[in-house]
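The values are calculated or read from the model by the stated rules, or taken from the named source; none is laboratory data. Please read these numbers as outputs of a predicted model, since none were measured by experiment. Because the Cβ atoms are built from the backbone with ideal geometry, glycine has one as well, and the counts that use them run over all protein chains shown. We work out accessible area using only protein heavy atoms, side chains counted, and drop any ligands, DNA or RNA first. Shrake-Rupley method; radii C 1.70, N 1.55, O 1.52, S 1.80 Å.
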Amino acid sequence: MKVLESNAGLLSNLEVLELLQKRGAAKGPLGGSISPAEYKVYEFLVDTPAGTQTRAALEEFVKEVKVFKLTEAERLQSVNLRPATAVEVHLIVEDCDERLSGEQVDSLIETVDRVLPSPPEKPEAEEEEAKGEEDEELDEAEEGSGAA
Amino acid sequence: MFVLTKVKHELRIAPQKLSLPLLDAITSEIQNLFFDKVLKDMGLCITLYDVRAVEGGFVFPGDGAPRFTVDFQLVMFRPFIGEVLTGKLKKCDKTGLYISLQFFEDIHIPEHLLQQPSVFDEEEKLWIWNFNGNDMFMDLDEEVRFRVVQVKYPTIPIEQDKGAKPFAPMEITGDINADGLGLVSWW
């Protein structure tokens, strides 16, 4: 084996998720051509903010945060972690106190909240959605019996 | 978290796979060889990104299989130093915390990189961060945010002690001693 280029580019969580979906990850570890290890990564990623993101939202976000002059790694981290509080922004952005003012931090959080879709709330809820309509009816029936 | 790595490798395609389209045969061979394996200094291989070029197809005398030189890109799990990741707390012991990312388990946060002052509760077997007089427990299965400080690729030991922990080809050391790090529910 010969490594031609060890770092040919960073990938966001969404890109890896899309790639695994293309390989048939949604069918489960036994259904598609996907290996069990890949399925584990897929399961991990659908519960992260990447689970609800779209490419269009990401492109929009990259355009909008140009004003903050973040590095590539910082933009990637913002997309992957979707910071919602100032303390998270300070973690992601190096020397945040010197580079961004308080208002800029607030405006970055506002941009994140506006442009990137909200993260998946509960993993259970999302699995049910993926199953389709028939199952939804079943779930409703179950919920009804549970309440009674 | 994930990076692309360009690799060139000579693959031997077994004759029974030749009924498949060539690209499918190559993909399945790459899957067997690389997926879920740690390549030294490259990280953990997750999946195949694309196949860029296929050359050759020579059959050597005495061998019933063609060999192709394939140029492809792999998706590797290799966090950069300083990257912030979120995982689940899997285990606590005196040496620190063990974090799991579901697909990757060998993440350790040593005692000296926990919030100060933190103490280990022998009875509960949990770490406690003493914050302004409040005891903050680090419960198992809680989400933990940590910063990567080191990624190690230990060499395979020739001889291993009986009680030693299982060998891990890739180990990540994390740090939670900063504002915003530690249990996600704290912040």
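A few points about this structure:
- For the stretch B:142-171, a residue qualifies if it is open to solvent by 80 Å² or more (accessible area, probe 1.4 Å), farther than 18 Å from B:K88 by Cβ and not in a loop (DSSP other than H, G, I, E, B), and the qualifying residues are B:Q150, B:K152.
- Qualifying residue in the stretch B:14-24 (condition: within 13 Å of chain A (Cβ to nearest Cβ), open to solvent by 10 Å² or more (accessible area, probe 1.4 Å), closer than 26 Å to A:A50 by Cα and at pLDDT 90 or above): no
- Among the residues making up the stretch B:79-97, those that are surrounded by 19 or more Cβ atoms within 10 Å (Cβ to Cβ) and either on the phi < 0 side of the Ramachandran plot or in contact (Cβ under 8 Å) with a residue 60 or more places away in the chain (or both) are B:P79, B:E83, B:V84, B:L85, B:G87, B:L89, B:C92, B:L97.
- In the stretch B:172-187, the residues that are open to solvent by 40 Å² or more (accessible area, probe 1.4 Å), not aromatic (F, W, Y) and not in a loop (DSSP other than H, G, I, E, B): B:V184, B:S185
- Residue in the stretch B:87-101 that is within 14 Å of chain A (Cβ to nearest Cβ) and outside any strand (DSSP E or B) present: yes
- Number of positions in the stretch A:61-90 that are more than 18 Å from A:L14 (Cβ to Cβ) and of a type outside the set (G, A, S): 10
- Condition met for B:D50 (out of contact with any strand residue (DSSP E or B) (no Cβ under 8 Å at 6 or more places or on another chain) and outside any helix (DSSP H, G or I)): no
- Subset tally (residues that are surrounded by 11 or more Cβ atoms within 10 Å (Cβ to Cβ), among the small types (G, A, S) and more than 16 Å from A:A8 (Cα to Cα)) for the stretch B:36-63: 2
- Residue list for the stretch B:113-140, restricted to those being touching a residue at least 12 places away in the same chain (Cβ under 8 Å) and either outside the structural domain of B:N177 (by TED's automatic domain parsing) or open to solvent by 70 Å² or more (accessible area, probe 1.4 Å) (or both): B:Q116, B:P117, B:E124, B:K125, B:F131, B:F137, B:L140
- Conditions (1) in contact with a Lys or Arg (Cβ under 7 Å, 6 or more places away or on another chain); (2) more than 22 Å from B:V38 (Cβ to Cβ); number of the one not met by B:G82: (2)
So that you can scan it fast, the table gives a plain yes or no per residue for (1) at pLDDT below 90; (2) open to solvent by less than 70 Å² (accessible area, probe 1.4 Å):
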| site | (1), (2) |
| --- | --- |
| A:L19 | no, yes |
| A:A25 | yes, yes |
| A:S33 | yes, no |
| A:F44 | no, yes |
| A:A84 | yes, yes |
| A:R114 | yes, no |
| A:P119 | yes, yes |
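- Every test in (1) touching a Leu at 6+ places or on another chain (Cβ under 7 Å); (2) open to solvent by less than 40 Å² (accessible area, probe 1.4 Å); (3) free of Cβ contacts under 8 Å to residues at least 60 places away in the same chain is passed by B:V3 save one, and that test is (3).
- Positions within the stretch B:46-67 being more than 9 Å from chain A (Cβ to nearest Cβ) and more than 14 Å from B:E10 (Cα to Cα), in sequence order: B:D50, B:P61, B:G62, B:D63, B:G64
- Selection status of B:L74, within 14 Å of another protein chain (Cβ to nearest Cβ), in contact with a Pro (Cβ under 8 Å, 6 or more places away or on another chain), buried (at least 20 other Cβ atoms within 10 Å of the Cβ) and assigned to a strand (DSSP E or B): no
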